[in-house]
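Structure first, commentary second.
The values are calculated or read from the model by the stated rules, or taken from the named source; none is laboratory data. Predicted model, so just to flag it, every value in this text is computed and none were measured. Neighbour counts run over all protein chains shown; Cβ positions are idealised from the backbone, glycine included.
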Amino acid sequence: MEYAAPADDLKELVSSFYWFRADIEETQQTERADRAQFRFLLEGSGGYEFSDGVYMDSAKITVIGPTTGPTIGHVKGPIEIFGAGLQPAGWGTLMGAAGEQYSNRLIDATAIFGNGLLDVFQTIKMAKTMEEKVAIGNEFARALLRRAEPAPFWFTRLVDKWLTSSASPDINDLIEESGLSKRQVERLTKRFYGAPPKLLARKYRALRAASRIVRREEADGEAVEDAFYDQSHLIREIKEFTGITPGQARKAPPELIRAVAEHRRKLAGKVDPLISDA
């Protein structure tokens, strides 16, 4: 697993690039709730089982909407994936008003953007290093995202700031600062983040706590004191959004969840704290 930050001009659209390879046969990997993803399946095959039990086969080039629970990746390897996490503004720009319907779902990217993406696929597949793949990814992202009308950066900046303002941000603070009605705020967060504000705040609270535990950055007691009512609340929330308990996160986290937490932390200072901390 390798991670890299996007180019500076793309940081509000793309959260990070990653390159994952594994010499495995048939297996399952649990992914925690996350942002939308744009993935090139360079080798191998499989699909995704979303938190509501729906299974969907992966295409060669797949767009996965924002997820609000753990997703099980069913893999037939050897496997190689190059992907990009999409910031809420990038997701909104890419998918427009239709984006909301793809929360916890995926779609074949060529069905939306055409078979010309297969040329990009081959170029990325032939690139030998992470640096080469990221350079191609940056140019591809610029070309793809400039086609559409940009998302309202003022709103996604406001929500990101709100999500990092406290361990348990108050939705009323977001409504007041936005100058919008509660209904308007909920509609926009669903469109760009794939969830209403209350669920969104719970998601990132749980992901931050789980990442700290996996990385052994703080004790459970501190996480409970800062953000959760009690120990049972901590356990319940982390399991709902990651698929594992705090005990499992500490003692034997799934390899993919551990790798994501550790590699994103290495991007601290290069990406938004909402990415590196969660």
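Could you check GLY99 against (1) free of Cβ contacts under 8 Å to residues at least 24 places away in the same chain; (2) assigned to a helix (DSSP H, G or I) and say which number it fails? Against the list (1) free of Cβ contacts under 8 Å to residues at least 24 places away in the same chain; (2) assigned to a helix (DSSP H, G or I), GLY99 comes up short only on (1). Inspection of segment 228-243 identifies at least one residue that is touching a strand residue (DSSP E or B) at 6+ places or on another chain (Cβ under 7 Å) and modelled with pLDDT of 90 or more. Scanning segment 108-162 for residues that are closer than 23 Å to ARG191 by Cα and of a type in the set (Asp, Glu) yields ASP108, GLU149, ASP160. Collect the residues in segment 259-278 that are surrounded by fewer than 19 Cβ atoms within 10 Å (Cβ to Cβ), in contact (Cβ under 8 Å) with a residue 24 or more places away in the chain, aliphatic (A, V, I, L, M) and in contact with a helix residue (DSSP H, G or I) (Cβ under 7 Å, 6 or more places away or on another chain), keeping them in residue-number order. The answer is LEU267, and nothing else.
Total residues in segment 243-272 satisfying the condition of being part of a helix (DSSP H, G or I) and farther than 30 Å from ASP9 by Cα: the figure is 7. Of the numbered criteria (1) in contact (Cβ under 8 Å) with a residue 60 or more places away in the chain; (2) among the charged types (D, E, K, R); (3) assigned to a loop (DSSP other than H, G, I, E, B), the one GLU240 fails is (3). In segment 172-186 there is at least one residue that is assigned to a helix (DSSP H, G or I), in contact with a helix residue (DSSP H, G or I) (Cβ under 6 Å, 6 or more places away or on another chain) and of a type in the set (Lys, Arg). If you check GLY137, GLY85 for being closer than 24 Å to ARG208 by Cα, within 17 Å of the chain's Cα centre (by Cα) and of a type outside the set (Lys, Arg), only one passes: GLY85. Of the strands (runs of 3 or more DSSP E) lying entirely inside segment 4-51, those carrying at least 2 residues that are touching a Phe, Trp or Tyr at 6+ places or on another chain (Cβ under 9 Å) and either in the same structural domain as ASP272 (by TED's automatic domain parsing) or among the aliphatic types (A, V, I, L, M) (or both) are 36-49. Any idea how many residues of segment 179-195 are surrounded by fewer than 17 Cβ atoms within 10 Å (Cβ to Cβ) and either touching an Asp or Glu at 6+ places or on another chain (Cβ under 6 Å) or modelled with pLDDT of 95 or more (or both)? Residues flagged as surrounded by fewer than 17 Cβ atoms within 10 Å (Cβ to Cβ) and either touching an Asp or Glu at 6+ places or on another chain (Cβ under 6 Å) or modelled with pLDDT of 95 or more (or both) within segment 179-195 amount to 6. Answer with yes or no whether LEU158 is farther than 21 Å from ALA261 by Cβ, surrounded by 18 or more Cβ atoms within 10 Å (Cβ to Cβ) and without any contact (Cβ under 8 Å) to a residue 24 or more places away in the chain. Judged against the criteria, LEU158 is a match. Within the set THR67, THR62, the sole residue that is under 25 Å from SER276 (Cβ atoms) and assigned to a loop (DSSP other than H, G, I, E, B) turns out to be THR67. Inspection of segment 216-228 identifies at least one residue that is of a type in the set (Asp, Glu), crowded, with 16+ Cβ neighbours inside 10 Å and farther than 18 Å from ALA33 by Cβ.
When you scan segment 207-227, do you find a residue that is at pLDDT 95 or above and at positive phi, even just one? No: segment 207-227 contains no residue that is at pLDDT 95 or above and at positive phi. Annotation: LEU163 fulfils all but one of (1) surrounded by fewer than 18 Cβ atoms within 10 Å (Cβ to Cβ); (2) touching a residue at least 24 places away in the same chain (Cβ under 8 Å); (3) over 30 Å from GLY114 (Cα atoms); (4) among the aliphatic types (A, V, I, L, M); the unmet one is (1).
Going through (1) closer than 29 Å to VAL159 by Cα; (2) at pLDDT below 95 one by one, THR68 falls short only on (2).
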